[in-house]
Amino acid sequence: MTHLPTRTPNGFKSFQYLDQGLTMPTELASLLLYVYSLWVAVSQPCPTYTALSVDSVNPEEYLGRWYFLAAVSGREEDLQMFRMMDSSVFTMQTAAVPQTVLLNGDMRIGQNCTRASWTYNILPGRDDLQLQGRPQLQTFLRAGEHHNCSDCIVLQEVEPAPATLNRYMLYGREKAVPEDVIKDFREIFACQGKTAFFRLPQTQELCS
């Protein structure tokens, strides 16, 4: 039987490698996989979401108890004050002065309980809460739905130089949240360069 030659452009034999039982080289496959991963990184940037405008939200929705769960930042020093804490619970309430919110915190540090209070002002036309005594500090409120937790909120604290503070703190209505919530909170901000992470151990009883 006579075999007719197979002709392709430039004189290559189209079935040469198949006839020899060869497959695509491993190096080429690795290169294609690397290029694909770069394309995914570019086409799917880090997820972001904007803060709520506290001037337009109903403060009543955020009153009551909140458990401090975790925090992230781009700098380790921004989280140092939290690393001595164990379980911590905060209570948000309105004050006698209109457009003022009080935040009381009961924090367990070692075997001791510490209470602290902060007073925030809601100013017309401002998206952030203004902490009394620290006018340069901006506190932004972000909805927990972005981390698949409708009973969570995220507070972002931003302060310019010389402090250059920029950290995010996760709070929940319950002391414990699903692991996916913590994982999502950490990964979203790690993608944005906030790789310093702290999660409260919650190994001791809450301070009352």
Residue ID - farthest from L155 (Cα to Cα), chosen from residues in the range 119-132 that are touching a strand residue (DSSP E or B) at 6+ places or on another chain (Cβ under 8 Å) and open to solvent by 60 Å² or more (accessible area, probe 1.4 Å): Q132
statement: Within the range 161-208, the residues that are part of a loop (DSSP other than H, G, I, E, B) and buried (at least 19 other Cβ atoms within 10 Å of the Cβ) are V177, K194, L200
- request: For the range 48-63, state whether one or more residues are in contact with a helix residue (DSSP H, G or I) (Cβ under 6 Å, 6 or more places away or on another chain), part of a loop (DSSP other than H, G, I, E, B), at pLDDT 50 or above and under 30 Å from L129 (Cβ atoms).
  value: yes
query: For Q80, all conditions in the list (1) assigned to a loop (DSSP other than H, G, I, E, B); (2) free of Cβ contacts under 8 Å to residues at least 12 places away in the same chain hold save one; what is the number of the exception?
result: (1)
query: Which ones in the range 137-150 are open to solvent by 20 Å² or more (accessible area, probe 1.4 Å) and either modelled with pLDDT of 95 or more or more than 17 Å from L63 (Cβ to Cβ) (or both)?
result: Q138, F140, R142, E145, H146, N148
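Within the group A70, A116, which residue is open to solvent by 20 Å² or more (accessible area, probe 1.4 Å) and of a type in the set (A, V, I, L, M)?
Values: A70 fails: open to solvent by 20 Å² or more (accessible area, probe 1.4 Å).
Answer to the selection: A116.
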query: Going by the conditions given, is V154 in a strand (DSSP E or B), touching a strand residue (DSSP E or B) at 6+ places or on another chain (Cβ under 8 Å), β-branched (V, I, T) and closer than 26 Å to N104 by Cβ?
result: yes
- prompt: How many residues are open to solvent by less than 20 Å² (accessible area, probe 1.4 Å) and under 30 Å from S56 (Cα atoms) if we restrict to the range 80-105?
  reply: 7
message: Looking for something more than 24 Å from D128 (Cα to Cα) and free of Cβ contacts under 8 Å to residues at least 60 places away in the same chain - is there at least one such residue anywhere in the range 185-197?
response: yes
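The values are calculated or read from the model by the stated rules, or taken from the named source; none is laboratory data. Predicted model, so just to flag it, every value in this text is computed and none were measured. Glycine also receives a Cβ, built like all others from the backbone with ideal geometry; neighbour counts cover every protein chain displayed. Note: accessible area is taken over every heavy atom of the protein model, side chains too, but ligands, DNA and RNA are not part of it. Shrake-Rupley method; radii C 1.70, N 1.55, O 1.52, S 1.80 Å.
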